[in-house]
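In what follows, a single structure is set out as C-alpha cells and then discussed.
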Amino acid sequence: MNENIKQLMYDTGLTADGCFGDMDKYDQEAVMRVIDLTIKKCANLCQDLTNECELNPYQLMAVDACIYNIKNHFGLI
C-alpha cells in the first residue's frame, strides 16, 4: 500500500486504532476499491477538462502532468 494512501487512512481513523486491521479481507478490499476509484475519478475529471475545453498544447501538457501526478502520488502508476 502506498505511503500516501496509508496517511489518508490514518487521517480518517482507519488505521489509528487498528480499525482497518480488524476488518475482514472483504471489507479491506472494499475500502481499497473506494480509494482506488476515488483517485481514478479525480484523474478522470482532469481528463474530462481536456475534452470540454479548447486548450493549447501547453495547457494540455499541464493537464496530463496533473493526471500523472495524481496517479503517481497514490501509487497507481
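Rule-based calculations on the coordinates, nothing more; no lab input. Note that the structure is predicted; figures quoted are calculated from it, not measured.
Points to keep in mind about this one:
- Stretchable slack from GLU3 to LEU55, in nm (0.36 nm times residue separation minus alpha-carbon distance): 15.4 nm
- Percent of Cα pairs exceeding the 19 Å cut-off, where the set is the chain: 46
- For the chain, the relative contact order comes to 37 percent (Cα pairs under 8 Å, sequence separation of at least 6).
- Eligible aspartates and glutamates near LYS25 by straight Cα distance, threshold 19 Å, same-chain separation 8 or greater: ASP17, ASP36
- 22 Å Cα-Cα reach of LYS71 towards lysines, excluding residues that sit fewer than 8 places from it in its own chain: LYS6, LYS40, LYS41
- Helical mean residue ellipticity (222 nm; -39500 (n - 2.57) per DSSP H run of 4+; nearest 500) of the chain: -25000 deg cm²/dmol
- Membrane-span-like helices in the chain, defined purely by DSSP H runs whose alpha carbon atoms cover 18 Å or more axially and whose average Kyte-Doolittle hydropathy reaches 0.5, do not occur.
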